[in-house]
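The structure appears right after this line, and notes come after that.
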Ligand code: UTP
């Protein structure tokens, strides 16, 4: 019997340089997507998959994030005094969403280093990693599928998305083989941000992982790689290629075909805001009408 996945690690300590100057004093994970910060969608996704222990790996400017997931008595009193029960319920719900913990990453030395900061909290059990700048449409509950795949295959599970070959240099890239299990592939190699010419495939690794605790042993030994950062991809590669399945090795990928947004990228962020607003029952009808009229008024 495979151990259940009970804990989620959410690294939010990156510098977010692609979104400067907005991210100078605010983590990119706190940028609003309609009326919630991006990270709230990600925490809600973990909770919907049945995980309510969330560890944030934070860096500078973390206070806004901590306040967001905490009770704010003066705000609650003000809303109560105004009789604004709907908004009062919303702000309380965020604080009660999950059992939230924090660990600090002193310096942003890379995603692998950020995940290693979680070793003490996670201990020796499988865990999920969700990148807080990656929003996945809730109609595609891929994290739940990944947890089911971990129960069937053991080892670690990645989320893979086919991208245009011209885009693969922005992602970790997986070489894969079929497993016989529909929508699940065996990962035989991993390369961080390869050129299109040398990439082993067009399968990009996106920001959801279900990892065996063995990854911590590999991360402790991982030296800075591409960009001088300690890369999660390098430790995962060892799990895929060198560590036997009986010792926590073995990596498979779940092929994701739904909608996903990288809110750390300006264009993808704008697409997330527009699509999520258009899908909303409260805003959608008026917003879609305005959007259609506005687009029609643009010169072709
Ligand atoms: P990214 O590479 O997208 O984040 O990391 P970044 O470095 O902040 O972005 P740019 O390229 O400068 O715009 C993926 C995730 O890992 C976290 C980030 O916060 C993001 O959620 N991360 C990255 C850390 O927590 N620590 C790090 O040292 C690096």
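Since every read-out is calculated from the coordinates, none of them should be taken as a lab result. Note that the structure is a prediction, hence the values are computed from the model and not measured. All Cβ positions, even for glycine, are placed from backbone atoms using ideal geometry, and neighbour counts span all protein chains on display.
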Worksheet item: When a footprinting reagent is the concern and you count Cβ atoms within 10 Å, what order do 280, 237 take, fewest first?
Response: 280, 237
Worksheet item: Measuring from label point to label point, each 7 Å out along Cα→Cβ, what is the residue 270 to residue 60 span in nm?
Response: 2.7 nm
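Would you order 187, 103 from fewest to most other beta-carbon atoms within 10 Å of each residue's own beta-carbon? Don't jump to the answer; show the numbers that get you there.
Values: 187 26, 103 17.
By the 10 Å Cβ count, ascending, the order reads 103, 187.
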Discussion item. Tell me the angle of helix 85-96 to the major Cα principal axis of the chain, expressed in degrees between 0 and 90 and rounded to the nearest ten.
Written reply: 20 degrees
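Taking 0.36 nm per residue of separation and subtracting the Cα-Cα distance, what length does fully extending residue 177 through residue 189 add? Intermediate values should be presented prior to the final figure.
Working: separation 12, 0.36 × 12 = 4.32 nm, distance 1.00 nm.
Result for the pair: 3.3 nm of gain on full extension.
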Worksheet item: How do 109, 236, 130 line up, fewest other C-beta atoms within 10 Å first?
Response: 109, 130, 236
Item to complete: Quick one: angle between helix 266-279 and the longest Cα principal axis of the chain, in degrees between 0 and 90, rounded to 10, please.
Response: 60 degrees
Worksheet entry | Label point 7 Å beyond Cα of residue 84 along Cβ direction - residues of segment 17-43 with amide nitrogen under 17 Å | 35-37
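How much length is gained on full extension from residue 144 to residue 121, taking 0.36 nm per residue of separation minus their Cα-Cα distance? Numbers along the way, then the final one.
Details: separation 23, 0.36 × 23 = 8.28 nm, distance 2.18 nm.
Net length gain for the segment: 6.1 nm.
Need one word for segment 1-130: rounded, prolate or oblate. Basis is the Cα gyration tensor (sqrt eigenvalues a ≥ b ≥ c); a/c below 1.5 gives rounded, then a/b vs b/c decides.
Working: a/c = 2.22, a/b = 1.31, b/c = 1.70.
Since a/c reaches 1.5 but b/c is at least a/b, the shape of segment 1-130 is classed as oblate.
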Worksheet item: Once you put a point 7 Å from the Cα of residue 36 and another 7 Å from the Cα of residue 17, both along the Cβ direction, what distance in nm separates them?
Response: 3.2 nm
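Among DSSP beta bridges whose residues both lie in the chain, state the antiparallel percentage, nearest 5.
Values: 27 of 46 bridges.
If I count the DSSP bridges inside the chain, around 60 percent turn out antiparallel.
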Worksheet item: From the square roots a ≥ b ≥ c of the eigenvalues of the alpha-carbon gyration tensor of segment 132-195, which class results: rounded (a/c under 1.5), prolate (a/b over b/c), or oblate?
Response: oblate
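When a/c reaches 1.5 or more, the comparison of a/b and b/c decides; with that in mind, is segment 3-80 rounded, prolate or oblate per its Cα gyration tensor?
Details: a/c = 1.86, a/b = 1.08, b/c = 1.71.
Note, shape of segment 3-80 comes out oblate.
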Worksheet item: Using alpha carbons only, how many degrees (0 to 90, rounded to 10) separate the axis of helix 232-241 from the longest principal axis of the chain?
Response: 40 degrees
